[in-house]
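The values are calculated or read from the model by the stated rules, or taken from the named source; none is laboratory data. Given the structure is predicted, the values throughout are model-derived calculations rather than measurements. When we count neighbours, we look across all protein chains shown, and the Cβ atoms used for this are built from the backbone with ideal geometry, even at glycine. Protein only, heavy atoms only, side chains kept; ligands, DNA and RNA dropped before computing areas. Shrake-Rupley method; radii C 1.70, N 1.55, O 1.52, S 1.80 Å.
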Amino acid sequence: MPVDPNAPTQSFPSPVPGHRAPHPARFLVPAVVAAAVAVALGAYGKVHDPAGTAFNLAGFSSTSAVKSWLATVAFAFALVQVVSAFMVYGKLPGPSWAPALHRWSGRIAFLVAVPVAVHCLYALGFQTYSPRVMWHSLLGCFFFGAFSAKMLLLRAERLPGWLLPVVGGLVFAALTLLWLTSALWFFRTVGVTT
């Protein structure tokens, strides 16, 4: 039934019987998965005996430089994600390909972040010897937990309109704080080096 937005009143068909709003408990699964991922990563990082190094790429002076640059690339794509999300939700004007830009920038950000996380877990583990390092470890676990929840929620039907932007915002905030406590710290301490 077409709806005239200029009409003074609208008559909408009554809801289909048996078609109820989703039960809030169904959002519990993504939350439980997020918590399980975060706790599993933290537990592994804590009990694993750090190896000191996991990888190095030719052309970089250290694994810390590799991690810092990869984290910076992931953060840059996450910024594209935020801008494209505003376009998708109609908060900013954008091209018709904004949804594709949003999906692909998120995929690239995640794929670039994975080697950084693998290196952090395998080479360094979950550390708490300074406040910066402790927060970085906690945020890393939280980021991958929140990301897992977001991926599960993407496939859910009839989500409240605020839920996905909030979870996406948490993922972006965690990645931003991870970048600040690692890559930016490295660049300010050691210098912008490769």
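Quick one: would you say residue 113 is assigned to a helix (DSSP H, G or I), closer than 30 Å to residue 46 by Cα, small (Gly, Ala, Ser) and more than 16 Å from the chain's Cα centre (by Cα)? So residue 113 fails the test. With respect to the conditions (1) of a type in the set (Lys, Arg); (2) under 18 Å from residue 64 (Cβ atoms); (3) crowded, with 16+ Cβ neighbours inside 10 Å, residue 150 falls short on a single one, namely (2).
Does the stretch 72-81 contain any residue that is assigned to a loop (DSSP other than H, G, I, E, B), under 18 Å from residue 169 (Cβ atoms), of a type in the set (A, V, I, L, M, F, W, C) and open to solvent by 40 Å² or more (accessible area, probe 1.4 Å)? Taking every residue of the stretch 72-81 in turn, none turns out to be assigned to a loop (DSSP other than H, G, I, E, B), under 18 Å from residue 169 (Cβ atoms), of a type in the set (A, V, I, L, M, F, W, C) and open to solvent by 40 Å² or more (accessible area, probe 1.4 Å).
Okay, residues lined up against (1) within 21 Å of residue 69 (Cα to Cα); (2) among the basic types (Lys, Arg); (3) touching a Ser or Thr at 6+ places or on another chain (Cβ under 6 Å); (4) modelled with pLDDT of 90 or more:
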| position | (1), (2), (3), (4) |
| --- | --- |
| 93 | no, no, no, yes |
| 113 | yes, no, no, yes |
| 118 | yes, no, no, no |
| 121 | yes, no, no, no |
| 146 | no, no, no, yes |
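For the stretch 1-23, the criterion of being open to solvent by 80 Å² or more (accessible area, probe 1.4 Å), part of a helix (DSSP H, G or I) and at pLDDT below 80 is satisfied by no residue at all. The single condition among (1) within 15 Å of residue 82 (Cβ to Cβ); (2) surrounded by 14 or more Cβ atoms within 10 Å (Cβ to Cβ); (3) among the aliphatic types (A, V, I, L, M) that residue 183 does not meet is (1). If I filter the stretch 94-109 for residues that are of a type in the set (Val, Ile, Thr), part of a helix (DSSP H, G or I) and surrounded by fewer than 17 Cβ atoms within 10 Å (Cβ to Cβ), do I get at least one hit? The answer is no, given that none of the residues of the stretch 94-109 is of a type in the set (Val, Ile, Thr), part of a helix (DSSP H, G or I) and surrounded by fewer than 17 Cβ atoms within 10 Å (Cβ to Cβ).
Which pairs have Cβ atoms under 9 Å, sit 6 or more apart or on different chains, and link a residue in the stretch 154-169 that is over 11 Å from residue 27 (Cα atoms) and modelled with pLDDT of 90 or more to one that is open to solvent by 40 Å² or more (accessible area, probe 1.4 Å) and not in a helix (DSSP H, G or I)? That search, which allows pairs on different chains as well, returns 165/89. Restricting the stretch 158-180 to residues that are open to solvent by less than 50 Å² (accessible area, probe 1.4 Å) and not aliphatic (A, V, I, L, M) leaves a set whose member that is farthest from residue 85 (Cα to Cα) is 179. Here residue 131 meets the list (1) touching a helix residue (DSSP H, G or I) at 6+ places or on another chain (Cβ under 6 Å); (2) surrounded by fewer than 18 Cβ atoms within 10 Å (Cβ to Cβ) almost entirely, failing just condition (1). Within the stretch 116-140, restricting attention to residues that are part of a loop (DSSP other than H, G, I, E, B) and small (Gly, Ala, Ser), the residue that is farthest from residue 63 (Cα to Cα) is 130.
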